[in-house]
Amino acid sequence: MDKEKLIQVIADQQDLRFKPSDLPRQLEFSADREIVVISGIRRCGKSTLLHEIRNKNTEYSYYLNFDDERLLDFKVDDFQVLYELFIELYGKQSTFYFDEIQNVIGWERFVRRLYDYGNKIYITGSNASMLSKELGTHLTGRYIPLELFPFSFEEYLQFKKVNYSQQYSRSTEGKSIIKANFNNYFSEGGFPAYLKSSNKQYLKSLYESILYRDVMVRNGLTREKELVELVYFLASNVSKLASYNSLAKVIGVKNATTVSNYLNYLQNTYLLFLVNKYDTSLKKQIQNPKKIYFIDIGLAKELGFHHSADNGRLLENLVFIELKRRRKDVYYHNQNKECDFVIKEKTKITEAIQVSWSVYEDITKQREIEGLVDAMQSYGLREGLILTNSEEDTIVLNEFNIRIRPVWKWLLDL
């Protein structure tokens, strides 16, 4: 690309340094030589985290954000020119920061060369498939993958400057304030910029950017109506079981493979997640219906049709995202009864979790307990967890110990 234009972009972007007034995003990692790869949905805070890392380092000038329309002509051959310009403009440094690097085809070869010559590299990206494929091919064993999500409830309280200590949460005032903020979090979700503006047009703009740029343009798709209808249906039915064949009928396509491809494209953007039924047979996992969850509850509400009866399913979606944030390997259980989540560590199921808006009604409590116990019996567990909007209790049933906890306490580990 034009060298003078590239110099201008580099200079302009130097002003994008992290601002201390923003809430710092935090991911725990320890990296010496390894390449740090931060991935996640658009506008979840990856750039803020990258600038925070820059701010802490003495070397911070070798930075470029490739999600800039002036870099549309940037090709892999231009990396060498970029490297030379960095040295000319800022002198010799050995730390590089690349934002949304997946926009440049072949980027991993240049990053590998930088790594081989002893440089430190931080990169971000918004496409799970492209990052994993390229990292796995050329950078195996040389990088640390980190996934960033929209604000957790803990970060939401930090953003709102609310005290959430265990001692404070036990007081009448503290509990009420934290619960009120949880209600708001349940309504708004955790996208940082949306929380600052409360402008729902922002969420619409984010979705359109993902749909058109990251799904349709990147994958050469033209059938916009099918994709829009698919996302609308899924957002309106979060936490429900769905098969490729049933979804194909909903959006009016003949081939279930088309739906499978659409869902893969959407997953790659981190907009939504597909969860398998747990089975020791991988083939059966693939064949069984999936559960669909969205990256953010506020976005799911904006994209779909919901009413108060959906609160339980939306609460389940919120719990799933927190499990992903905690890097859990999540499945659903469905043998004799259904259990919302079972967590696998290595080769064993170690946790079983049900989510229900309320277990106040006996028939609801019985259903949730039966599903949880079925999972506990299946995997040899003695303890299980039911997460609710506000109820708290402990149930001992034969050899099983079942805790009922409010989601907001669980989210804060209180």
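The values are calculated or read from the model by the stated rules, or taken from the named source; none is laboratory data. Since we're looking at a predicted model, the values are computed, not measured. Heads up, the Cβs are rebuilt from the backbone with ideal geometry, glycines too, and the neighbour counts pull from every protein chain shown.
Check LEU323, LEU318 and return the single one that is crowded, with 17+ Cβ neighbours inside 10 Å, out of contact with any helix residue (DSSP H, G or I) (no Cβ under 7 Å at 6 or more places or on another chain), among the hydrophobic types (A, V, I, L, M, F, W, C) and closer than 21 Å to PHE186 by Cβ. Step through it out loud before you land on a result.
On the way: LEU318 fails: out of contact with any helix residue (DSSP H, G or I) (no Cβ under 7 Å at 6 or more places or on another chain).
After ruling out the rest, the residue left standing is LEU323.
Looking at (1) surrounded by 18 or more Cβ atoms within 10 Å (Cβ to Cβ); (2) among the polar types (S, T, N, Q); (3) in contact with a Pro (Cβ under 8 Å, 6 or more places away or on another chain), can you tell me which one ASN268 breaks?
For ASN268, the exception is condition (3).
Here's a check for you: in region 38-67, which residue that is of a type in the set (Gly, Ala, Ser) and assigned to a loop (DSSP other than H, G, I, E, B) is modelled with the lowest pLDDT?
Here is the first cut: in region 38-67, the ones of a type in the set (Gly, Ala, Ser) are 39-40, 45, 47, 61.
Pick out the ones that are also assigned to a loop (DSSP other than H, G, I, E, B) and you get 40, 45, 61.
Numbers: GLY40: 95, GLY45: 90, SER61: 95.
The extreme case among them is GLY45.
Among the residues in region 353-360, are any over 26 Å from ILE38 (Cα atoms) and surrounded by fewer than 19 Cβ atoms within 10 Å (Cβ to Cβ)?
At the first step, the residues of region 353-360 found to be over 26 Å from ILE38 (Cα atoms) are 353-360.
In the following step, the residues that additionally are surrounded by fewer than 19 Cβ atoms within 10 Å (Cβ to Cβ) were identified as 358, 360.
Yes, that holds for at least one residue.
Do the conditions hold for ASN245, that is, is it free of Cβ contacts under 8 Å to residues at least 60 places away in the same chain and farther than 14 Å from GLY304 by Cβ?
On the way: free of Cβ contacts under 8 Å to residues at least 60 places away in the same chain: yes; farther than 14 Å from GLY304 by Cβ: yes.
The answer is yes for ASN245.
Specify the residue that is nearest to LEU148 (Cα to Cα); the eligible residues are those in region 271-298 that are surrounded by 22 or more Cβ atoms within 10 Å (Cβ to Cβ) and among the hydroxyl-bearing types (Ser, Thr, Tyr).
TYR293
Please report, ordered by residue number, the helices (runs of 4 or more DSSP H) entirely within region 68-182 with at least 2 residues that are of a type in the set (Val, Ile, Thr), surrounded by 13 or more Cβ atoms within 10 Å (Cβ to Cβ) and over 26 Å from the mean Cα position of the chain (by Cα).
Numbers: elements: 78-90, 107-116, 128-138, 153-159, 166-170.
By residue number, no helices (runs of 4 or more DSSP H) qualify.
Whether any residue in region 205-219 is among the hydrophobic types (A, V, I, L, M, F, W, C), part of a loop (DSSP other than H, G, I, E, B) and either in contact with a Gly (Cβ under 9 Å, 6 or more places away or on another chain) or at pLDDT 95 or above (or both) is what I want to check.
Our first condition is that a residue be among the hydrophobic types (A, V, I, L, M, F, W, C); within region 205-219, this holds for 206, 210-211, 215-217.
If we keep only those that are part of a loop (DSSP other than H, G, I, E, B) too, we end up with none.
Within region 205-219, not a single residue is among the hydrophobic types (A, V, I, L, M, F, W, C), part of a loop (DSSP other than H, G, I, E, B) and either in contact with a Gly (Cβ under 9 Å, 6 or more places away or on another chain) or at pLDDT 95 or above (or both).
Residue by residue, here is whether (1) without any contact (Cβ under 8 Å) to a residue 40 or more places away in the chain; (2) surrounded by fewer than 21 Cβ atoms within 10 Å (Cβ to Cβ); (3) under 14 Å from VAL319 (Cβ atoms); (4) touching a Lys or Arg at 6+ places or on another chain (Cβ under 6 Å) holds:
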position	(1), (2), (3), (4)
ILE349	no, yes, no, no
THR364	yes, yes, no, no
GLU370	yes, yes, no, yes
LEU385	yes, yes, yes, yes
ASN389	no, yes, yes, no
ARG405	yes, yes, yes, no
LYS409	no, yes, yes, no
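Answer yes if at least one residue in region 242-251 is in contact with a strand residue (DSSP E or B) (Cβ under 8 Å, 6 or more places away or on another chain) and either farther than 11 Å from LEU303 by Cβ or buried (at least 16 other Cβ atoms within 10 Å of the Cβ) (or both), and no otherwise.
Of all residues in region 242-251, those in contact with a strand residue (DSSP E or B) (Cβ under 8 Å, 6 or more places away or on another chain) come to 242-243.
Still in the list and also either farther than 11 Å from LEU303 by Cβ or buried (at least 16 other Cβ atoms within 10 Å of the Cβ) (or both): 242-243.
Yes, region 242-251 has at least one match.
When region 203-222 is examined, which residues are found to be without any contact (Cβ under 8 Å) to a residue 24 or more places away in the chain and either surrounded by fewer than 17 Cβ atoms within 10 Å (Cβ to Cβ) or in the same structural domain as GLY125 (by TED's automatic domain parsing) (or both)? It would help to see each step written out before you state the result.
Going through region 203-222, the residues without any contact (Cβ under 8 Å) to a residue 24 or more places away in the chain turn out to be 205, 208, 211-213, 216-217, 220, 222.
Answer for region 203-222, where residues must be without any contact (Cβ under 8 Å) to a residue 24 or more places away in the chain and either surrounded by fewer than 17 Cβ atoms within 10 Å (Cβ to Cβ) or in the same structural domain as GLY125 (by TED's automatic domain parsing) (or both): SER205, GLU208, TYR212, ARG213, MET216, VAL217, GLY220, THR222.
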